[in-house]
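> Sharing a structure below in structure tokens format, with a few things to ask.
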Amino acid sequence: MDVEEAIRTRRTLKAFGQRPVPRETLEELLELARWAPNHHVTEPWRFRVLGPESLIRLKEAAGPEAAGKLDRAPTLIVSSARLSGDPECDEEDLHATGVATYIVLLAAHARGLAGYWRTPAVLRTPAGRAAVGLGDDERFVGLIHLGEPRQGKQPPPRAPVEDFVSWLP
């Protein structure tokens, strides 16, 4: 699948098969993520692939009402940006980590996997951060759900380019 096709056909899917994504595939996806552009080559992204114990801790921190959404996919990856304390650099690093996270989703899609980028509130709480080992110098960016797709999804309508592009003289 070429890049343009991957961008146009990737969808957020929330129904997954039960098999976890193989470690080798995850390593390939995360290796690609490190090629995201980042100012001064800070490589701020951090990824944590959750195993059974960390998932239990996160579900406990989330509480019974929110824990069920953490069971949707067989593989969960937390992405975060390591921050330096310099506001300008931190903003750039946060955006670079968002790009790296999207690279994981695109590369997973190109391999036939379903993906879902979430930002659950639990990962902004002290208990949730502790459950997955997020340090004080990190900002949570996303929780990536990955697995084999169990549904298809048509693309939503998109606004024409003219609605969001300005050509300045």
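Nothing in this text is a laboratory measurement; each read-out follows from the coordinates by a stated rule. Owing to the predicted nature of the structure, the values given are computational and were not obtained by experimental measurement. Neighbour counts are summed over all protein chains in view; Cβ atoms, including those assigned to glycine, are modelled from backbone coordinates with ideal geometry.
> Only residues that are farther than 18 Å from residue 115 by Cβ and among the β-branched types (Val, Ile, Thr): list them for region 5-59, please.
41, 42, 56
> Any idea how many residues of region 93-137 are closer than 17 Å to residue 70 by Cα and either of a type in the set (Phe, Trp, Tyr) or assigned to a helix (DSSP H, G or I) (or both)?
Result for region 93-137: 12.
> State all residues of region 97-125 that are over 11 Å from residue 29 (Cβ atoms) and surrounded by 20 or more Cβ atoms within 10 Å (Cβ to Cβ); if no residue qualifies, say none. Please lay out each step first, then the result.
Restricting attention to region 97-125, the residues satisfying the condition of being over 11 Å from residue 29 (Cβ atoms) are 97-99, 102, 112, 114, 116-125.
Listed by number, the residues that qualify are 97, 114, 116, 122, 123.
> Being out of contact with any strand residue (DSSP E or B) (no Cβ under 6 Å at 6 or more places or on another chain) and under 18 Å from residue 147 (Cα atoms) is the filter here, so list the residues in region 34-53 that pass it. Explain how you work it out, then say what you get.
The initial filter retains those residues of region 34-53 that are out of contact with any strand residue (DSSP E or B) (no Cβ under 6 Å at 6 or more places or on another chain), namely 34-43, 45, 51-53.
Those that are out of contact with any strand residue (DSSP E or B) (no Cβ under 6 Å at 6 or more places or on another chain) and under 18 Å from residue 147 (Cα atoms): 51, 52.
> Just the residues that are surrounded by 14 or more Cβ atoms within 10 Å (Cβ to Cβ), in a loop (DSSP other than H, G, I, E, B) and either in contact with a helix residue (DSSP H, G or I) (Cβ under 7 Å, 6 or more places away or on another chain) or of a type in the set (Gly, Ala, Ser) (or both), please, taken from region 36-82.
Applying the first criterion (surrounded by 14 or more Cβ atoms within 10 Å (Cβ to Cβ)) to region 36-82 yields 36, 38, 42-50, 54-62, 66-67, 69-70, 72-82.
Then keep just the ones that are in a loop (DSSP other than H, G, I, E, B); that gives 36, 38, 42-44, 50, 72-74.
If the condition is that a residue be surrounded by 14 or more Cβ atoms within 10 Å (Cβ to Cβ), in a loop (DSSP other than H, G, I, E, B) and either in contact with a helix residue (DSSP H, G or I) (Cβ under 7 Å, 6 or more places away or on another chain) or of a type in the set (Gly, Ala, Ser) (or both), then 36, 38, 42, 44, 50, 73 are the ones that fit.
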